[in-house]
């Protein structure tokens, strides 16, 4: 009979390699999902940062589509309405209940 210890070590090594490859596959899957999610979020931020004469919502300008009159429920925070361009706001027209373009005072 050959060395039983050698056979046990070889079996243990094969099992460890299989488990390692399985965990590596799971890790690769999750990393791909995170990259996809992050890319989608960056794309959304890029669209919000787009400047346009007829677009209200902008991270750069600090404006957003709000309710008529740009009212606030918090008395410490004041908003004012921004004058619309000829033809109105393209993005605020698509959002129900938020026709005005507002900015923080």
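The values are calculated or read from the model by the stated rules, or taken from the named source; none is laboratory data. Here the structure is a predicted model, which means the values were calculated and not measured. Cβ sites come from the backbone with ideal geometry, for glycine too, and all protein chains shown count toward neighbours.
Assess whether residue 6 counts as being farther than 20 Å from residue 105 by Cα, surrounded by 10 or more Cβ atoms within 10 Å (Cβ to Cβ) and modelled with pLDDT under 85. Criteria not met by residue 6.
This table checks each residue for (1) surrounded by 15 or more Cβ atoms within 10 Å (Cβ to Cβ); (2) touching a strand residue (DSSP E or B) at 6+ places or on another chain (Cβ under 9 Å).
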| site | (1), (2) |
| --- | --- |
| 29 | no, no |
| 37 | no, no |
| 45 | no, no |
| 52 | no, yes |
| 71 | no, yes |
| 89 | yes, yes |
| 96 | no, no |
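Under the condition of being in contact with a helix residue (DSSP H, G or I) (Cβ under 7 Å, 6 or more places away or on another chain) and assigned to a loop (DSSP other than H, G, I, E, B), the residues counted in the range 49-105 number 5.
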